[in-house]
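J.: Sharing a structure below in structure tokens format, with a few things to ask.
What follows is calculated from the coordinates using simple rules that are stated; it is not laboratory data. Keep in mind that this is a model prediction, so the values were computed, not measured. No Cβ is skipped: glycine too gets one built from the backbone with ideal geometry, and neighbour counts run over all protein chains shown.
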Amino acid sequence: MQNSAIYLTEQIRSIEHTVFALPHPPDLMMRAGYAVARITRKYFLKNITSAQILVLAGPGNNGGDAFVVARHLKDWGHAVTVVFTADTEPMPHDAKNALQAWQTAGGKTITSIPNETVYDVIIDGLFGIGLDQSQSRPIEGTYRQWIAAVNQMKCPVLSLDIPSGLGSDNGSIYGIAIQATITVTFIGLKPGLFTNSGRDCCGRVILETLHIHPDHFPEPHSWLLTESLIQSLLPPPRVANSHKGSYGSVAIIGGSDSMIGAPLLAGRAALHLGSGRVYVGMLAQSAPVVDFLQPELMLRTPADLFAVESLSCIIAGPGMGTSELALELLACAIDMPVPLILDADALNLIAQQHEIARKINQRKAPTLLTPHPAEAARLLNCTTVAIQNNRMQAALQLAQQFNCQIVLKGAGSICCLSDGQRYINITGNAGLSTAGTGDVLTGMIAAFSAQGLELGHALLLGVYLHGAAADDLLQENHGPVGMTASELPTRARKLLNHKIHQLGLGRTIHFNS
């Protein structure tokens, strides 16, 4: 999984220091610049013999990389304009050498972006991965003007390592950030490329390891949640000689007055993704006795759920409210010795009730919390901005504090398992920004848990497939507008069955009940 491993800035710096300490260290700047020049030619200049190229060079090593790119593209016959304003004295040694090599090759620099030229491609080499650590305030002045100008130009943009203005560890935007078409990232993948605003800024991400030997990389603790990983988590193809009890039972507690749709969405999702039986207990005084759109759901009073034999997984929270009754039911759910998924109002109750939080920490059975950033902020007693500015650490802190598994939802949802391993999801789109999609996700995860997957594996499979279903709908609808939560379960079911069918081709399946 080396190509899906994710590294924080300090880990990338450690890799660089290890390489630089070798008896004959490679010139990583030369490797990076040449790699980007090749990629630029491959993706943007295939049929252009003399392109107009704008290169933005910053004051650090990212700018040095940009000078190397510019030199190669100039050598290949393209018209390259380099914009650079930094004083050469404080530049890092390698970057200064790259500037000198550009000048020796006949290259010049100017201090502002020409307005009259139409460019075939822009190379963004202003700021690299050090922005998280060095930038205590938003980008202002000349650099802000340059970034704003580039974002208005109707031509492709290639960013070096990470789009300038974007935090590599957190995906936060420092005032303004380049909107890249392609980001060529060096050595290893960074969290900020895939979570928070990274999903909007980076475009296609291409990894260039710069031919650094794998032995120089530390053991990763974070990865992308990829298709290849999901293939290993799929439940096996079903056998004919099975019954509803073979696929587990899910109980859902929620649905206070005016919120009965939330547990119904979760229940329908659990059924569509394969749970053998789904029970829904709603708190509302006027709760329905049957779901006419999904009559297979077994509606009960919440208290009756705890008497159901052989429950496989419990969900508490969708539309539950924060009443005394909700608190009592949550406490009962926590006491049940089965996998427990806590969502929505259950999370708000945990944030308010220290005793409930303590009981969750002491649970022996697996527990999963599914907060969005605002809920995570309540659980950690901080601000939503603080959560978003450090999503990777927030997910880990939640998992440790509550002795549980976590999915911190949002663009690039972060799944943190109980052992601290984290996975950033790469599926999903803005169509999920609508009411009820979180309830559907919870039901999907519960279905996989009920079918026998370890809760952490159910989490990863559910999060990935939830986003993949939205991506499938995005293609069909030609965009995210108007996507609804109720559309997701049937689309996810179709994708799941297709993947399981592919998994089972040519295999003999042995079933143990």
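J.: Within 10 Å of each residue's Cβ, count the other Cβ atoms and sort Ile260, Ile212, Ile252 from fewest upward.
T.: So the ranking, lowest neighbour count to highest, is Ile212, Ile260, Ile252.
J.: Once you put a point 7 Å from the Cα of Gln352 and another 7 Å from the Cα of Ser246, both along the Cβ direction, what distance in nm separates them?
T.: Each label point is offset 7 Å from its Cα along the Cβ direction, giving 4.5 nm.
J.: Compute the length gained on full extension between Ser310 and Ala374: take 0.36 nm times their separation in residues and subtract their Cα-Cα distance, giving the result in nm to one decimal.
T.: 19.6 nm
J.: Dipole magnitude of the chain about its Cα centre, charges +1 at Lys/Arg Cβ and -1 at Asp/Glu Cβ only, in debye to the nearest 20?
T.: 900
J.: Go ahead and run the numbers for FRET between Asp87 and Arg144, Cβ-Cβ distance against an R0 of 25 Å, rounding to 0.05.
T.: 0.85
J.: Grab the beta carbon distance between Thr104 and His498, set R0 = 60 Å, and tell me the FRET efficiency rounded to 0.05.
T.: Rounded to the nearest 0.05, the efficiency is 0.60.
J.: Please list, in order, the residues from the range 284-309 whose amide nitrogen is less than 13 Å from a point placed 7 Å along the Cα→Cβ vector of Asp257.
T.: Backbone N within reach: 284-287.
J.: Pairs of lysines 8 or more apart, or on different chains, with alpha carbons under 29 Å: count those in the range 247-504, would you?
T.: Close lysine pairs under the 29 Å cut-off: 4.
J.: Among Phe186, Phe127, Phe194, rank each residue by its count of other Cβ atoms within 10 Å, from fewest to most, as a rough exposure measure.
T.: Ranking Phe186, Phe127, Phe194 by Cβ neighbours within 10 Å, fewest first, gives Phe194, Phe186, Phe127.
J.: For the range 254-364, what is the largest minus smallest coordinate of the Cα atoms on each principal axis, given in angstrom and ordered from greatest to least?
T.: Cα extents, longest axis first: 39, 29, 22 Å.
J.: Ok, one more. Output the Cα-based Rg and Dmax of the range 247-504 in Å, rounding Rg to one decimal and Dmax to a whole number.
T.: 16.8, 48
J.: Would you please state which residues of the range 159-183 a label at Asn47 would reach in this model, taking the label point 7 Å out along Cα→Cβ and a backbone N cut-off of under 14 Å?
T.: none
J.: Between Gln294 and Phe20, what length in nm is gained on full extension when 0.36 nm per residue of separation is reduced by their alpha carbon distance?
T.: Stretched fully, the Gln294-Phe20 segment lengthens by 92.4 nm.
J.: Going by Cα centres, the range 1-69 and the range 317-380 are how many Å apart?
T.: Measuring centre to centre over Cα atoms gives 46 Å.
J.: Still on this structure: If you take Rg and Dmax of the Cα atoms in Å from the coordinates, which of (i) 25.8, 82; (ii) 22.7, 74; (iii) 21.7, 68 do you get?
T.: (i)
J.: A follow-up question, please. Counting other C-beta atoms within 10 Å, which of Ile39, Ile12 has the fewest, and how do the rest follow?
T.: Ascending number of Cβ neighbours within 10 Å: Ile39, Ile12.
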